[in-house]
Each structure stands twice: as structure tokens, then as C-alpha cells.
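Report on the structure given below.
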């Protein structure tokens, strides 16, 4: 059987083709497996690891930011709480100071009212003694003075006059207007100055009380007049403080200390001496002189144990010793 060259070539190709195809398929399969294995290794060891690291870093960044925000919020809350506590403490301190000043003002008002009542009682007693009137004759008793105003007849023709009743000889004479004015002048001057003080006219009150002291230095009200000079100086100090004039306020307070000391120095037996000592100590505390204030309070406690201000002085002393 003759086989042509084209046919032989075709037969040769057909014979080789299955083997080559099998070999090529084996190589292709190995290549695919190899490539698939390399891809899986790269995915596990390379790309997947980097992605996880990126996610972990992102999570850490977000966590740090959350922690920072939380820390900032906590610090802000602590600062706000501290500020509120400090503000509340300041408000409480201001309220306590206002209450203390109000109590002191009430104590001063009570003392002032007591003094005024005593002065008015004394004035009424003096006026009652000076305004005695002649008692009218008893009903039914004939008047010892005849109603006629004509001159008496001659002794030779007129009968003997009727004897005057004994009560007529014991009737005291009315005081003259001059003596009444002179006895009430000191109290009138004192009262006028005190009215000016109560109205807040402190400069006029100071002038009035000093004039009273100049004219009546030994009067029983001289110690009280000196005390109100000190109180008037405190009134001026408060006015300067409200107007923002701190220097003038300090000067007025220092002058008030001097005026209060004059009460104890010049009128030690005055009923205003304990009040003057106590108010002097309060002003000294406000002037940042606690040691001097403590000495004055101790003097008050030692020398006036029965005074109403002594209890307040003991409380102030205890507070000063605790500082």
C-alpha cells in the first residue's frame, strides 16, 4: 500500500499529537497548580497580613482618639466642677460676711435704741420735774384771794383780814423760763446731733457731737456722744467704699478707731465703753490688724465681763485664735 508524503505527514502528526497533548496538559495543570499555590501563599503571608495591620492600626488610631476625647471631657468636667465649687465657696463666704455684718448692724441698732430710750426717759423725767404746776384749790373751799382788786380799806374802818390757809405757804414757785432752757440745752444739742446721725448726715452729726463735747465735757452723755462720733466715721467709710474710694474709706476707718478709743480713754465709766471696744476691734480686723484687735477684745472680756458685747467678743477671740 503506497502512502503518499502528505498522508504520511498527517499520520505522523496524528500519532504525535496525543502524546504531545497529554504532555502539554500535564504541564498546563502543573502550571495552574503552581500558580494557584503561589497566589494562596502570597495572600496569607503578604497581602492579608498588610490588610490586617492596616485595620489594627486604624482601630488603634480610633481608640486613641476616643481615649483623648474621653480624657479631655473628664478634664473639662473636673475643671468645671472645681470652678463651680470655688464660685459656690465664694458665694457662701460673701453670704456669711453679709450675715455677720447684718448681725453686727442689728446689735448696733439694738444698742442705739436702748440708748435712745434711756435718753428719752431721762428727758421726760427732767421735763416732768421742771413743769410742775400750782395745784388748784379744793372744790367748795373759798379762794384765799378776794375777787375784788380794789385797794384794801384803812385799818381803822376795815375788819381784820381772814388768815390765809396753810397750804398756800407750801406751794413751790414755778421755775423761770431761763432756768428751764439752760437745764435742757445739753440734751437738746445731743438729740439734734443724733437725729442728724440717724438721717445719714454724718458730717453734720460729727460736728454736732463734737460741739456737745466741747461745751459739756463732763455731761453724763459725753461718752455716748464720743461713741457716735466713731459710728459716724464708720458711716463715712462705708459711703466711700460704695463709691469706690478705697483710700478715703481706709482713712475714715482709721479715724473711727481713734474716736472709739477716746470713749474708753476719756469716759471709761460710760455705758458705751464696751460697745466702743467691740466696734474698735471689728474695725481693726477689717484693717488687717488682728493682733491689735485680739488685744482690745481681751481687754473688753477682762474689764467688762457683764457687758452684752462680752459674749460676742469671746466668739471673735476664738475665731481669731483659730486662724
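Values quoted throughout were computed directly from the atomic coordinates according to the rules given, and no laboratory measurement underlies them. If you're wondering where the values come from, they're calculated on a predicted model, not measured in any experiment. Cβ sites come from the backbone with ideal geometry, for glycine too, and all protein chains shown count toward neighbours.
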- [ ] Can you put 248, 316 in order of Cβ neighbours within 10 angstrom, beginning with the fewest?
- [x] 248, 316
- [ ] Please work out the Kirkwood hydrodynamic radius for region 228-285, using every pair of different C-alpha atoms, and report it in angstroms with one decimal place.
- [x] 11.3
TODO: Based solely on C-alpha atoms, express the radius of gyration and the Dmax of region 185-323 in angstrom.
DONE: 15.2, 50
Task: Residues residue 59 and residue 302, FRET efficiency given R0 of 56 Å [Cβ-Cβ distance, rounded to 0.05] - done: 0.10
Task: Additional length obtainable on full extension of the chain from residue 289 to residue 49, 0.36 nm per residue less Cα span - done: 78.7 nm
Task: Relative contact order of region 185-323, defined on C-alpha pairs under 8 angstrom at six or more residues apart (%) - done: 16
